[in-house]
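All remarks here apply to the structure that follows.
The values are calculated or read from the model by the stated rules, or taken from the named source; none is laboratory data. Since the model is a prediction, treat every value here as computed from it, not as a measurement. In this analysis, Cβ positions are derived from the backbone assuming ideal geometry, glycine residues included, and neighbour counts consider all displayed protein chains.
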């Protein structure tokens, strides 16, 4: 059984990959904190709805309104590239025109670290549920 075909594993892997790439970009920002004219960069977060619609499982599933109170979700176009590097608009610039705010970069690194731990925990917990179901333990 290939676990990458299951959305929970595919999305957790995608999120961990994005977070790893983001850590590299944030580390570059910190490394260039004294470089003149350097602007801090960040990666655009992947969209959950685009990631789901990229998978084969839910490609042809249409949402329907089964009761009056239900809202019909708009159909989004699927982008081909989930990760883009972008320059951030800055409000604080040093005299050498460097726009890296160290506190902001450290907060982003901490946030990425916590998100990585969450995604890896989701992956491992779902994997342990599959193992438990296959082994027949927990009865």
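Please work out if residue 88 is at pLDDT below 75 and touching a strand residue (DSSP E or B) at 6+ places or on another chain (Cβ under 8 Å). Spell out the reasoning first.
On the way: at pLDDT below 75: yes; touching a strand residue (DSSP E or B) at 6+ places or on another chain (Cβ under 8 Å): yes.
Yes, satisfied.
Of all residues in region 40-51, which are in a loop (DSSP other than H, G, I, E, B) and crowded, with 16+ Cβ neighbours inside 10 Å? Step through it out loud before you land on a result.
Of all residues in region 40-51, those in a loop (DSSP other than H, G, I, E, B) come to 40, 44-47.
Selection gives 40, 46.
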Unmet criterion (only one of (1) over 30 Å from residue 98 (Cβ atoms); (2) at pLDDT 90 or above) for residue 53: (2)
Residue in region 12-31 that is under 30 Å from residue 134 (Cβ atoms), modelled with pLDDT of 80 or more and part of a loop (DSSP other than H, G, I, E, B) present: no
Total residues in region 23-46, condition touching a residue at least 60 places away in the same chain (Cβ under 8 Å) and over 21 Å from residue 92 (Cβ atoms): 1
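Could you say which residue among 103, 111 is surrounded by 13 or more Cβ atoms within 10 Å (Cβ to Cβ) and either under 20 Å from residue 43 (Cα atoms) or modelled with pLDDT of 80 or more (or both)? Step through it out loud before you land on a result.
Details: 103 fails: surrounded by 13 or more Cβ atoms within 10 Å (Cβ to Cβ).
The unique qualifying residue is 111.
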